[in-house]
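To start, the structure itself, in structure tokens.
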Amino acid sequence: MLIGMTSEPEQQIGVGTPDAFQRLWTPHRMAYIQGQDKPSGPGAEDGCPFCSIPAKSDEDGLVVARGEHVYAVLNLYPYNGGHLMVVPYRHVADYTELDGPETAELADFTKRAMVALRAASGAHGFNIGMNQGSVAGAGIAAHLHQHLVPRWGGDTNFMPVIGHTKVLPQLLGDTRAMLADAWPAAV
């Protein structure tokens, strides 16, 4: 149990009109909203988390697999369980800046991630893509990363649509271990 958190619902008297809704509090999201661990500038030396993750252990960095030019890592703020990213080691912002071997391995890791996610979690489909630049929605625009979000039939329910809340069935460390075990060898 985290310090200051309780498993019991806490009623807050005098804070609005009772509406019969239950609240699922997700205070861990505040780190994302406030930009914790976001780079302070465009350079690799400006606190880029994608540059620092490779120096960590797989468990501490949530790294699923490592290649020569790219690695696969779980998203700290996943859209769905198993949401991972394929990231080049080299600090580049734009897809056109990748060289041939980086591009090839990024494509290979994308395919292998799909295989691992299907094997480990029975994913029915995927959202795969890159947000190029902050105006396109990139949370960390200075370091290229490709998202792979597994999808299942019926996974969009009232929680994200009405409640603006994702319910994730597994801790990130457990998800990392499951996907690392299911990661296929290079072909």
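The values are calculated or read from the model by the stated rules, or taken from the named source; none is laboratory data. What you see is a predicted model; the values in this text were computed from it and never measured. Methodologically, a virtual Cβ is constructed for each residue, glycine included, from the backbone with ideal geometry; neighbour enumeration extends over all protein chains shown. The protein model used for the area step is the full one, side chains on, heavy atoms only, and it has no ligands, DNA or RNA in it. Shrake-Rupley method; radii C 1.70, N 1.55, O 1.52, S 1.80 Å.
Computed over the Cα atoms of the range 38-182, the ratio of the radius of gyration to the Kirkwood radius (Rg/Rh) comes to 0.96. Probe 1.4 Å, all protein chains in place: accessible area of Asp60 in Å², nearest 10? Using a 1.4 Å probe on the heavy atoms, I get roughly 120 Å². Accessible surface ranking for Glu45, Glu59, Glu97, 1.4 angstrom probe, highest first: Glu45, Glu59, Glu97. Accessible area ranking (1.4 Å probe, heavy atoms, ligands and nucleic acids excluded), largest first, for Tyr79, Tyr95, Tyr71: Tyr79, Tyr95, Tyr71. Looking at the range 45-134, the trypsin sites (Lys or Arg not before Pro) that sit in a DSSP loop and have at most 16 other Cβ atoms within 10 Å of their own Cβ are Lys56, Arg90. The accessible area of Phe126, taken with all protein chains in place and a 1.4 Å probe, comes to roughly 40 Å². Estimated at the nearest 10 Å², the accessible area of Leu74 is 10 Å² with a 1.4 Å probe.
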